[in-house]
Amino acid sequence: MSPHRTTPTAPALELGTVLAVVAHPDDESFGLGGIIARFVARGSTVDVLCLTQGEASTLGTDTVADGAALALVRAEELRLAGDALGVRSITLLDHPDGVLADVPQADLVDAVRSAAAEHGSTSYLVMDRTGISGHPDHVAATEAALVAAAEEDRPVLAWTLAQPLASQLVEETGVPFVGRPADEVAYLGVDREAQLRAIRAHVSQAVPGSVLWRRLELSGGRDAVVWLRRPTADEGTPS
């Protein structure tokens, strides 16, 4: 069976020291926030590596003069969101937003490897290889984490969407969400309270009517996950 079809089981999901690798400020909240909050609540240590400053955002930016100013706003939003989620640390890099796929992959892999070494990470949390909405920045971030994980023989857990949910979002919004067949995913129960606090910290992005809110509404109290690299039998379950 391909590792991309292997569904996780709940006991193996407490992954020790987790490095969440994302492309943009707010990905850790709107996307991974429920899962991060679950891990933190169950005793895992989570650090966040964000590869861009989100300066190319198109949401809620009418009061921000330019990309450089927006980058500063989003850095502070990310700090506050991390506090809400209970993460230990945030590393915010300045690779270009919107064209992350054009950055040499070796540079992104080096960033992941360096953050993991600094924090003693034993596993990675990412978006699915589809980028969820097909966003090339999301895809580039996940692929960099997968390369680093292969070198280190570390597990990689991905937040994903089951196909029925993705299809409904596409139908309602036109955003090209990409899901997996329902039999490829497992579900984690999540408490949205910390995630919602983190999302609200991203004032420049948490605009009313955003499709991101609809995704949360339809997901209810659970998020779909899939292993991109499976843990070995002796890894990752804290007492």
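Between ALA56 and ASP97, the built amide H atoms are under 5 Å apart, and every one of these is 5 or more places off in sequence or on another chain. Got a sec? Which residues in the stretch 79-94 would a label at VAL175 touch, if it sits 7 Å along Cα→Cβ and we count backbone N under 20 Å? Residues passing the 20 Å test: 81-82. Mean sequence separation of contacting Cα pairs (under 8 Å, at least six apart), scaled by the length of the stretch 140-181, corresponds to a relative contact order of 32 percent. For the stretch 75-132, the Kirkwood estimate of the hydrodynamic radius, built from every pair of different alpha carbons, is 13.3 Å. Normalised per residue, the accessible area of the chain is 42 Å², obtained with a 1.4 Å probe and no contribution from ligands, DNA or RNA. Proximity of backbone amide H atoms, modeled 1.01 Å from N, is registered between ILE90 and VAL48 at under 5 Å, excluding neighbours fewer than 5 places apart on the same chain. Couplings 3J(HN,Hα) for the stretch 72-85, derived from phi with the Karplus relation 6.51 cos²θ - 1.76 cosθ + 1.60 (θ = phi - 60°), are 5, 4, 6, 4, 5, 4, 5, 4, 5, 5, x, 4, 5, 7 Hz, where x marks Gly and Pro.
Only helical runs count toward this figure. For the chain, summing -39,500 (n - 2.57) over DSSP H runs of n ≥ 4 and dividing by all residues gives -12000 deg cm²/dmol at 222 nm.
Below 8 Å, C-alpha to C-alpha, sequence gap of six or more: please give me the relative contact order for the chain in percent.
Details: 493 pairs, mean separation 73.8, N = 239.
Relative contact order here is 31 percent.
Bridge orientation summary for the chain: considering DSSP beta bridges with both residues in this region, about 30 percent are antiparallel. Under a 5 Å amide H cut-off, with hydrogens placed 1.01 Å from N, ARG180 pairs with LEU161, ALA162, GLN163 among residues at least 5 apart or on other chains.
When only C-alpha pairs under 8 Å and at least 6 residues apart count, what is the relative contact order of the stretch 137-239, in percent? Don't skip to the end; give the middle numbers.
On the way: 103 pairs, mean separation 42.2, N = 103.
Here the relative contact order equals 41 percent.
Relative to one another, the C-alpha centroids of the stretch 152-215 and the stretch 63-136 are positioned 17 Å apart. Dividing the C-alpha radius of gyration of the stretch 47-154 by 2.2 N^0.38 Å, with N its residue count, gives 1.09.
Applying a 10 Å radius around every beta-carbon, put 225-231, 209-215, 161-167 in order of their mean neighbour count, most first.
Working: 225-231: 20.0, 209-215: 15.7, 161-167: 18.3.
Per-residue mean Cβ counts within 10 Å order the peptides as 225-231, 161-167, 209-215.
Packing-based ranking of 112-122, 148-158, 168-178 yields 148-158, 112-122, 168-178, ordered from highest to lowest mean Cβ neighbour count within 10 Å.
The values are calculated or read from the model by the stated rules, or taken from the named source; none is laboratory data. What you see is a predicted model, and the numbers here were worked out from it, not measured in a lab. Cβ coordinates were reconstructed from backbone atoms using ideal geometry, including for glycine residues, and neighbour counts include every protein chain displayed. The protein model used for the area step is the full one, side chains on, heavy atoms only, and it has no ligands, DNA or RNA in it. Shrake-Rupley method; radii C 1.70, N 1.55, O 1.52, S 1.80 Å.
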